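Readers should treat all values here as calculations from the given coordinates under stated rules, not as data from a laboratory. All figures in this text were calculated on a predicted structure; none of them were measured in a lab. Glycine gets a Cβ as well: all are built from the backbone with ideal geometry, and neighbour counts include every protein chain shown.
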Amino acid sequence: MLQTRRKYTKEQSPQIKALLVQASSQYASGDLQSAKTTIHEIIKLDNTCVQAYALLSQIYEDWGQKTEAVNALVSAALNSPKDESVWIRAARMSKELGFWQQAIKCLDA
């Protein structure tokens, strides 16, 4: 039987929550540069914020910056070691870019 990992979500401070809402809103409205700036503020306050790295990865992907996108996604995975879906996505993106060792490490995590 395949054992699935449970998602681990850490309770965020009200300030981080507000900034995440702001970044998500900026992203949804198409203001990717402002969303990126807000995400960097979040990361300065809490460099383990999985949601910030995941959104940053999406922004880079939207800009066609695949290497930066996978790097941000790996950061999200490292900060959420039990979230299998993030690791699998990071592995797939790594494989697509030819980062074979990184893809294997993501699948082994």
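Ranking SER94, SER25 by Cβ neighbours within 10 Å, fewest first, what do you get?
Sorted ascending by nearby Cβ count, the order is SER25, SER94.
How about the range 1-105: which GluC sites (Glu not before Pro) there lie in a loop by DSSP and see at most 16 other Cβ atoms within 10 Å?
Qualifying residues, ordered by number: GLU11.
Where does helix 32-45 land angle-wise versus the long Cα axis of the chain, in degrees 0 to 90, nearest 10?
80
Cα to Cα, under 22 Å, and not fewer than 8 places away if on the same chain: which lysines meet these conditions relative to LYS17?
By straight Cα distance, LYS17 reaches LYS7, LYS36, LYS44, LYS82.
Fewest to most neighbouring Cβ within 10 Å: what's the order for SER34, SER85?
So the residues, fewest neighbours to most, are SER85, SER34.
Would you work out the charge dipole size for the range 14-108 about its Cα centre, treating the Cβ of every Lys and Arg as +1 and the Cβ of every Asp and Glu as -1, and quote it to the nearest 20 debye?
Computed charge dipole of the range 14-108: roughly 140 debye.
Taking the Cα atoms only, what angle lies between the long axis of helix 66-78 and the longest principal axis of the chain, rounded to 10 degrees?
Tilt of helix 66-78: around 80 degrees.
Based solely on its DSSP helices, what 222 nm [θ] is calculated for the chain when runs of n ≥ 4 H residues each add -39,500 (n - 2.57) and the sum is averaged over all residues, nearest 500 deg cm²/dmol?
Only helices count here, giving -22500 deg cm²/dmol.
Using alpha-carbon pairs under 8 Å, 6+ residues apart, how would you state the relative contact order of the chain in percent?
Relative contact order comes out at 22 percent.
Of the listed values (i) 16, 44, 32, 8, 0; (ii) 14, 31, 35, 20, 1; (iii) 12, 26, 24, 17, 11, 6, 3, 1, identify the label whose number matches P(r) over Cα pairs in 10 Å bins from 0, in percent calculated from this model.
(i)
Sort ASP62, ASP46, ASP108 by Cβ crowding within 10 Å, fewest neighbours at the top.
The order, fewest Cβ neighbours first, is ASP108, ASP62, ASP46.
Restricting to DSSP loop positions (anything but H, G, I, E, B) with no more than 13 other Cβ atoms inside 10 Å of their own Cβ, which chymotrypsin sites (Phe, Trp or Tyr not before Pro) remain in the range 30-109?
TRP63
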